[in-house]
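The values are calculated or read from the model by the stated rules, or taken from the named source; none is laboratory data. Note that the coordinates shown come from a computational prediction; the quantities given were computed from them, not determined experimentally. For neighbour counting, all protein chains shown are included, and Cβ atoms are generated from backbone atoms with ideal geometry for every residue, glycine included.
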Amino acid sequence: MSYLIVLLLGMLAALVQSTLLRALLPADFVPDIILLLVLYASLLFPVGKGLVLSFALGLLADLFSGAPEGLNALFAITLFTLSKAVQARVFMRGSRAIWGLVLLAFGLKIPYYAFLSFVLGLHFPYARDAVLVWLGEFVASLLLMPVLFYILSKSLGLQGGWFLHHQRSSPA
Amino acid sequence: MVKVFTVLERHRYSALFLVLLGGALAMLFSRADRQPESQPLQKALLELSGPFQKGITKGIGFFEGVWQRYLYLVHLEEENRLLREIIEEMKQERIQLLEFRGENSRLRSLLGFKQGFQRPLLPAEVIGKDLSGWFQTVVIDRGKRDGIEEGMAVVSVQGIVGQIMESSKSFARVLLITDPNSAVAALIQRTRARGVVEGDGRQLCRLKYLHRSEEIEPGDLVLASGLDGLYPKGVLIGTVLRTETKDPELFQRVEVKPSVDFRRLEDVMVLCEKRDLEEADQP
């Protein structure tokens, strides 16, 4: 049931972001809600169902944007697997660990997009523009993350602060 | 057989990962062979989310209207004075333009030129924007049943907006000219130098393939040249913001500010082929 709640919240977040948030926030300040949800799923859910959920969330991001189908789905399952691998090897405690995971996720995003754009023959923005888009997305996501995680934790009936729920996570 | 199941059971997560990886890769690499008409998932979600996006956007518009019209009136007096001045200037310009229009139409009829917009314009409202900051698209409240097809040009009163990249029954997604995957054949109004305008992925565009010997200045108007067969010739794309010429490079780097304010884009017009509209009107 909790998987469905995260997926439904993902759909709702996508709707709100493509309308309300894009109207209110500055143009380059677009949080990557789906990436945050995938990280959340990797902290909370076991591998099997979490992978399927990540794939569904990634596909949702593809369908709500002009991206080719599969681009974000591929990134989402890769990120989920990497995050699980990190959690299996590093003892994670407190919010700093989650900030670290977000940093890892965003660190991978530019090379991933640049590489796949090259492979698929898509045009990738110039380096300066790509960095500015990335920076805006990164900062916006960092600011949104505690709020989003708090809403998710409350929706799923979890105890503790927004960063404590990951103690329930099952390592890969 | 039992051994196979045992191995699969032991590596079930790896197998699941590989299956999903294969699915994502198959979707990505099959896109090159597919026509826009065969994207059922995209169309279904567009159709499903469209009404919600429209509802939310209408709500935002309502509150924005209340705020602008009744609450935020701080600079109204100053704005009023400025607008009156602009109206006076525009009255003078209008008289001049009417003169030019008369002269132009006489010359056109003499030379047998076609009129600019022969295709009918279909008004549409922007109801949603792209979820990601990496792609520049918007969703409009018109679709196939209104005669909208992939590849049609979209303009606004301010200039070129983009082209239809996919359309469902009632909604369509527009690829904006600021997206890096968009290209418009363009020319500089003053010098008639030709190039291609591509998006920079943010809020600006770049005019490419403009030879370094061309004399371009900031403020020059960039228009559609019509050579791509999509956008009508003469429609405004934007103005030159800055130029840069680096020594070994053959072409200049020209940054263009689009005439359309994409952040405030609400109403657009789709340039429909006449035959599409006629077909759509038929029951």
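So here's what we get for this one:
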item: Number of the condition not met by residue A:60 [criteria: (1) out of contact with any strand residue (DSSP E or B) (no Cβ under 9 Å at 6 or more places or on another chain); (2) under 24 Å from residue B:41 (Cα atoms); (3) at the interface with chain B (Cβ under 7 Å from one of its Cβ atoms); (4) of a type in the set (A, V, I, L, M)]; result: (3)
item: Qualifying residue in region B:214-236 (condition: outside any loop (DSSP other than H, G, I, E, B), in the same structural domain as residue B:135 (by TED's automatic domain parsing), surrounded by fewer than 14 Cβ atoms within 10 Å (Cβ to Cβ) and not acidic (Asp, Glu)); result: no
item: Complete set of residues in region B:180-197 that are within 11 Å of chain A (Cβ to nearest Cβ) and under 17 Å from residue B:222 (Cβ atoms); result: B:182, B:183
item: Boolean, residue B:68 is closer than 29 Å to residue B:127 by Cβ, modelled with pLDDT of 75 or more and assigned to a helix (DSSP H, G or I); result: no
item: Residue pairs meeting the criteria (Cβ under 7 Å; at least 6 apart or on separate chains; first under 19 Å from residue B:264 (Cα atoms) and within 14 Å of another protein chain (Cβ to nearest Cβ), in region B:133-151; second crowded, with 21+ Cβ neighbours inside 10 Å and of a type in the set (Ser, Thr, Tyr)); result: B:134/A:113; B:135/A:65; B:136/B:178; B:137/A:65
item: Condition met for residue A:70 (within 7 Å of another protein chain (Cβ to nearest Cβ) and over 20 Å from residue A:30 (Cβ atoms)); result: yes
item: Flag if residue A:110 is on the phi < 0 side of the Ramachandran plot, in contact with a helix residue (DSSP H, G or I) (Cβ under 7 Å, 6 or more places away or on another chain) and at the interface with chain B (Cβ under 9 Å from one of its Cβ atoms); result: no
item: Matching option when the condition is assigned to a loop (DSSP other than H, G, I, E, B) and buried (at least 18 other Cβ atoms within 10 Å of the Cβ), among B:263, B:202; result: B:202
item: Region A:12-31: number of residues that are assigned to a helix (DSSP H, G or I) and over 13 Å from the mean Cα position of the chain (by Cα); result: 11
